[in-house]
1. Give the residue, chosen from Glu46, Glu59, that is under 19 Å from Arg99 (Cα atoms), open to solvent by 30 Å² or more (accessible area, probe 1.4 Å), under 46 Å from the mean Cα position of the chain (by Cα) and without any contact (Cβ under 8 Å) to a residue 24 or more places away in the chain.
2. Find the residue count for segment 76-91, including only residues that are open to solvent by less than 60 Å² (accessible area, probe 1.4 Å) and either in a helix (DSSP H, G or I) or of a type outside the set (Phe, Trp, Tyr) (or both).
3. Give the residue that is modelled with the lowest pLDDT, with candidates limited to residues of segment 301-341 that are part of a loop (DSSP other than H, G, I, E, B) and farther than 19 Å from Tyr276 by Cβ.
4. Checking Ser279 against (1) surrounded by fewer than 20 Cβ atoms within 10 Å (Cβ to Cβ); (2) hydroxyl-bearing (Ser, Thr, Tyr); (3) in contact with a strand residue (DSSP E or B) (Cβ under 7 Å, 6 or more places away or on another chain), only one condition comes out false. Which one?
5. Filter segment 221-250 for residues that are open to solvent by less than 30 Å² (accessible area, probe 1.4 Å) and among the β-branched types (Val, Ile, Thr) and give the result.
6. Inspect all residues belonging to segment 117-139 and state whether any of them is closer than 30 Å to Glu85 by Cα, in contact with a Lys or Arg (Cβ under 9 Å, 6 or more places away or on another chain), at pLDDT 70 or above and in a helix (DSSP H, G or I).
7. Just checking, which of Glu225, Glu243 is among the acidic types (Asp, Glu), out of contact with any Ser or Thr (no Cβ under 9 Å at 6 or more places or on another chain) and in a helix (DSSP H, G or I)?
8. Does Glu206 count as at pLDDT 70 or above, within 28 Å of Pro265 (Cβ to Cβ) and not hydroxyl-bearing (Ser, Thr, Tyr)?
Amino acid sequence: MPQIPTDHLEAASTLAVVISSKDPLLFLSDDLRIIAASTSFCRAFEIDPATVSGKRLGELGNGEWAMPKLQSLLTATATGSASVESYEIDLKRPDQKTRQLVVHAQTLDDGDLDHIRLLLAITDVTDMRAAARLKDDLIRDKAILLQEVQHRVANSLQIIASVLMQSARRVQSEEARGHLQDARHRIMSIAALQRQLSASPGGSIELRTYFTQLCQSLGASMIAEPERLSIQVTVDDSIVDAEVSISLGLVLTELVINALKHAFPDDRIGTIAIDYRSSGEDWTLSIADNGIGMPGGEDAPKAGLGTGIVEALVKNLNGVITLTDANPGTVVTISRRETSDVQADLSSAA
């Protein structure tokens, strides 16, 4: 075995620290010859401590440490032209699983440029990497399962909506028929949301697509003459959590249904305009029509189920409702400000 010259031998205290370290350490000369190895290194990589001193790095074990790129980086680190920080290597040994290691190297320079030494620290991240891969696999599987559940829920809601429509056609009472149709439209709102959720990452909803699809669905089921009535949707690039989108979608559904049912009697021509804008945590949703406007006095409609639903949802959103006479028509505005007090008062009936 080659002998290390006495002028290269380190102080006994330094060697003692390296050898007794709880972390796998190698103490190397600038030509990558091993001066000392920690007991934990020898134990972790199944190397006889008595065979280590004086060997070159690539001669350790069965030669598995003979990694040309690592050796080049260490040599460059000894000359000061490179550094090894969090360098990842795969240690491959016969009949054993590959281990993922992270290597850190630094020079120990006492001022004698002829005696540059390297301290090599090795961290085994095999189990950590495996755990991370398992976590990623579980997250991916969960996302796939969630999308499948959302898709099935959307299909089920569509079936329920169809059953309600068939029931509405069979009942004799106009009032009962109206309630069944309203229930169907509310279910369609949730079904549209489920379709968006199944195609959206992370449970977030892009409102422009959601509101557009929702209004198209409402128009297709409630507007018999598209040349007479239309719904226009203008939404910015807002993306909201699924929970918020549920409330916004139901509010929009109720107010659009209300406008279609009451704002355009006697085959009146008109438009319903949806507008949504947000800035930070603040947002504004408006539903405007150019219909007959809100009747007052004794002709004012009584608050119904739709009104109660809207008021409850807006309160849950920490929003405020305002009604404005558009002359012609009506504008219902729901807004949320971070400093707003929730004072909702909606007098129109859905």
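The values are calculated or read from the model by the stated rules, or taken from the named source; none is laboratory data. Being a predicted model, the structure only gives us computed values, none of them experimental. Glycine also receives a Cβ, built like all others from the backbone with ideal geometry; neighbour counts cover every protein chain displayed. Protein only, heavy atoms only, side chains kept; ligands, DNA and RNA dropped before computing areas. Shrake-Rupley method; radii C 1.70, N 1.55, O 1.52, S 1.80 Å.
1. Glu46
2. 7
3. The selected residue is Asp341.
4. Only one criterion in (1) surrounded by fewer than 20 Cβ atoms within 10 Å (Cβ to Cβ); (2) hydroxyl-bearing (Ser, Thr, Tyr); (3) in contact with a strand residue (DSSP E or B) (Cβ under 7 Å, 6 or more places away or on another chain) is unmet by Ser279, namely (3).
5. Matches in segment 221-250: Ile223, Val235, Val240.
6. Scanning segment 117-139, I find at least one residue that is closer than 30 Å to Glu85 by Cα, in contact with a Lys or Arg (Cβ under 9 Å, 6 or more places away or on another chain), at pLDDT 70 or above and in a helix (DSSP H, G or I), so the answer is yes.
7. Glu243
8. no
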